1. Regarding the stretch 64-73, can at least one residue be identified that is among the β-branched types (Val, Ile, Thr), under 29 Å from Tyr117 (Cα atoms), modelled with pLDDT of 75 or more and under 20 Å from the mean Cα position of the chain (by Cα)?
2. Looking only at the stretch 87-115, filter to residues that are among the β-branched types (Val, Ile, Thr) and closer than 12 Å to Ala140 by Cβ; which one of those is surrounded by the fewest Cβ atoms within 10 Å (Cβ to Cβ)?
3. Identify, by number, the condition in (1) modelled with pLDDT under 85; (2) in a strand (DSSP E or B) that Lys156 doesn't meet.
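The values are calculated or read from the model by the stated rules, or taken from the named source; none is laboratory data. This structure is a prediction, so every number in the text was calculated from the model and none was measured. A quick note on method: Cβ atoms are made from the backbone with ideal geometry, for glycine too, and the neighbour counts reach across all protein chains shown.
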Amino acid sequence: MKFGVRELVLLVVLLAIPVASYFLVFTPQNKAIERAQKEIEHKERTLDKLKEQTARTDDLERAIDQFEQRIAEVEAQLPSNKGVDSIVRQVSDLAVDSGLASPALKSDDPVPAGLYYEQPLEMMTSGKWRDSGFYEFLLAVERLPRKTRIPSMTLKRDTKNDGEFEIDFTLSIYFQDGSVS
């Protein structure tokens, strides 16, 4: 067999085709595959983060539901502005049942307290120290199903009547405005 120029050109062309395909086809294809793999890895990391966030969202939804339940429970303890009178009657009855005199009452203007209102009531009562159920009265006020507080209280001994005392206190009743749902 003769090895001439024609055979040499054929050999070079035959060797050049795989080398050219490596540089012109396989190298760009490998780079595209690497980019696709990096993009897949990035999307998988993003998907993992989204799964974590979704799990947190479920936890947050549960927490929000619990808070809404607690708010509803507190709101159930808040009378409407029409129900404040019944609470005042209950407190007056508690005082009388505890052996104290029927309280005198002075109402101040309602004070906004967040989404609700606070109705301060100046109350004055008296009773004998030995026979007094003053402590029982305070416990009964504390056990009322509605939200109340006593922000200030003054106890004075009555110098005219031995063993008697006077109580001046402010009873604050929290309530919802009738327009609040």
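1. yes
2. Ranking the candidates gives Val96 first.
3. The single condition Lys156 does not satisfy is (1).
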